[in-house]
1. Would you mind checking the tilt of helix 57-67 against the longest principal axis of the Cα atoms of the chain, expressed as 0 to 90 degrees and rounded to 10?
2. Let me have the relative contact order for the chain, percent, based on Cα pairs under 8 Å that are six or more residues apart.
3. Can you check what the net charge comes to around Asp167, using other residues whose Cβ is under 13 Å from the Cβ of Asp167 (Lys, Arg +1; Asp, Glu -1)?
4. May I ask you to sort Lys130, Lys284, Lys117, Lys26 by Cβ crowding, counting other Cβ atoms within 10 Å and putting the fewest first?
5. Just to verify a number: FRET efficiency for Ser225 and Thr35, C-beta to C-beta distance, R0 = 30 Å, to 0.05?
6. In deg cm²/dmol, rounded to 500, what helix-only [θ] at 222 nm does the chain give when every DSSP H run of at least 4 residues adds -39500 (n - 2.57) and the total is split over its residues?
7. From the Cα trace of segment 7-81, what convex hull volume per residue do you get, rounded to a whole Å³?
8. Could you work out how much longer the chain between Leu234 and Glu112 gets when fully extended? Use 0.36 nm per residue separation minus the Cα distance between them, nm to one decimal.
Amino acid sequence: MVGIIDKRDRAAQFRQRLAAAMREQKMSQSALARTIGTDRSTVSQALADDGARLPGAQTVGACAQALGVSADWLLGLSDRPESAAALTAAALTLTEAPRALIDERIFGWHQEAAGYKIRHVPAGLPDMLKTNAMLEWEYGPHLGRTTTQAINASRDRLNWMRSAQSDYEIALPLHELDSFATGTGYYSGLPKHIRADQLNQLLTLSTQLYPRLRLYLYDARMLYSAPITVFGPLLAVIYTGGHYMAFRDRARIETLSLHFDDLVRRAAFTARDIPDHVETLRRKMT
């Protein structure tokens, strides 16, 4: 946050920032004057005046637009030189999403958030916790021979989770595991031995990696969540199926963090309950 500063200091800061922006854009006084529609002496005075006087709002705004910075930054009211339009564009990005986690962009987000808590609501079972057989069954029809890439990417994520200093919280709808265990819905046709091995792996990992990995199951009849991932205070991503909507502004990240808090607070099964619940599902299968 920018504090209140003396008029003379603000004027001095304006001159410094105006000169810096001109150097960055390689724009001379004459070129800037032509661009903003004034004479060179006006720009020269704005740069040389050592008093507390600032140019008029119209001149400041014209200079900011010509130099590709914000007027607030020139006036010392912001520490970000980007214009409002540039900041808005950077706050939200829309990128194409692959069918499986073979996109290095995802791994980059995980690495960027190293040391922060990563909170995840997957579209199904978390890829990083799946067995190879499960990944082959799920992604084989779509990826063909490149299923190996999905498997390697999944292993990379799991190895990263084991070695990184980040805590992972994963929230799943309660019906997802029930449907998986019974081989119904999306998992119809998935062989029983693959489902049994997957539950074994889920039980092993949720036990071995606790408390750095914490799983929660929420009742989708009470709560709903789109697939999201919150990378600490840095980034929040919504998965739409074909694209990722990535937000970097604090307000949206906080909103999605509070949403995840609600999923955890109202979970039907907490992280401590997961091993017993998975064991119950395994017994039902046999």
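1. Helix 57-67 and the main axis of the chain meet at about 60 degrees.
2. Working: 382 pairs, mean separation 53.6, N = 286.
Relative CO of the chain lands at 19 percent.
3. +4
4. In increasing order of surrounding Cβ atoms, one gets Lys26, Lys284, Lys117, Lys130.
5. Working from the Cβ atoms, E equals 0.05.
6. -16000 deg cm²/dmol
7. Taking the convex hull of the Cα positions in segment 7-81, it is 73 Å³ per residue.
8. 43.1 nm
FYI, it's all coordinate maths here, none of it is from the lab. Source: prediction; values computed, not measured. A quick note on method: Cβ atoms are made from the backbone with ideal geometry, for glycine too, and the neighbour counts reach across all protein chains shown.
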